[in-house]
Amino acid sequence: MTAGPPIHVRGLARRFATRDGAVEAGRGIDFDVARGEIVGLLGPNGAGKTTTLRMLTTLLEPSSGRATIAGHDVGTQAREVRRRIEPAVIFFDEPTTGLTRRAARTCGSTSADCASAPR
Ligand SMILES: Nc1ncnc2c1ncn2[C@@H]1O[C@H](COP(=O)(O)OP(=O)(O)OP(=O)(O)O)[C@@H](O)[C@H]1O
Ligand SMILES: [Mg+2]
């Protein structure tokens, strides 16, 4: 066990460059999830829910801010994060988590490596 909440998110943000300019899919997202807590991520279409899950499952690098899973940073410690979340990946699989079981086992040690991992 690590100290602190199993899911810890502070100032998380993601920007996408598009032909029409930059899109902010999340800006300054802060939340914690305690052990055993069940959380729903709600928001209108395009609010950034899927983008947030993709960052938490190491498939997308945050533009800024920080998130840890069981004390491991999703951007720089992707391998450790995926080891902890693989049971959830098996249960929910890709539509919910954004991460396949195969990618959980094969992709590299940072979220940048994981973005191009085989699915
Ligand atoms: N790869 C991408 N490139 C450019 N823009 C993107 C990309 N992925 C997401 N976006 C944009 O980021 C914003 C958030 O998208 P996201 O899919 O995270 O929203 P969502 O809350 O999951 O929406 P929905 O309820 O429709 O599933 C949207 O404006 C979307 O168009
Ligand atoms: Mg979505």
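Observations, loosely collected:
- Residue check for LEU42: buried (at least 16 other Cβ atoms within 10 Å of the Cβ) and within 16 Å of ligand 2 (Cβ to nearest atom): no
- Residues that are out of contact with any strand residue (DSSP E or B) (no Cβ under 7 Å at 6 or more places or on another chain) and hydrophobic (A, V, I, L, M, F, W, C) were ranked within the range 1-30; the one that is nearest to MET55 (Cα to Cα) is ALA17.
- Verdict on ASP30 being surrounded by fewer than 15 Cβ atoms within 10 Å (Cβ to Cβ), modelled with pLDDT of 90 or more and either away from ligand 2 (no atom under 16 Å from the Cβ) or under 25 Å from SER109 (Cβ atoms) (or both): yes
- Selection count where residues are under 20 Å from ALA88 (Cβ atoms) and either of a type in the set (D, E, K, R) or surrounded by 15 or more Cβ atoms within 10 Å (Cβ to Cβ) (or both), scope the range 1-27: 6
- Filtered by the rule that a residue be in contact with a Pro (Cβ under 8 Å, 6 or more places away or on another chain) and more than 10 Å from HIS8 (Cα to Cα), the range 21-74 gives ARG35, MET55, VAL74.
- Strands (runs of 3 or more DSSP E) fully within the range 1-84 that include at least 2 residues being without any contact (Cβ under 8 Å) to a residue 60 or more places away in the chain and away from ligand 1 (no atom under 16 Å from the Cβ): 7-18, 21-33.
The values are calculated or read from the model by the stated rules, or taken from the named source; none is laboratory data. Remember, predicted model here, so these are calculated numbers, not experimental data. A quick note on method: Cβ atoms are made from the backbone with ideal geometry, for glycine too, and the neighbour counts reach across all protein chains shown.
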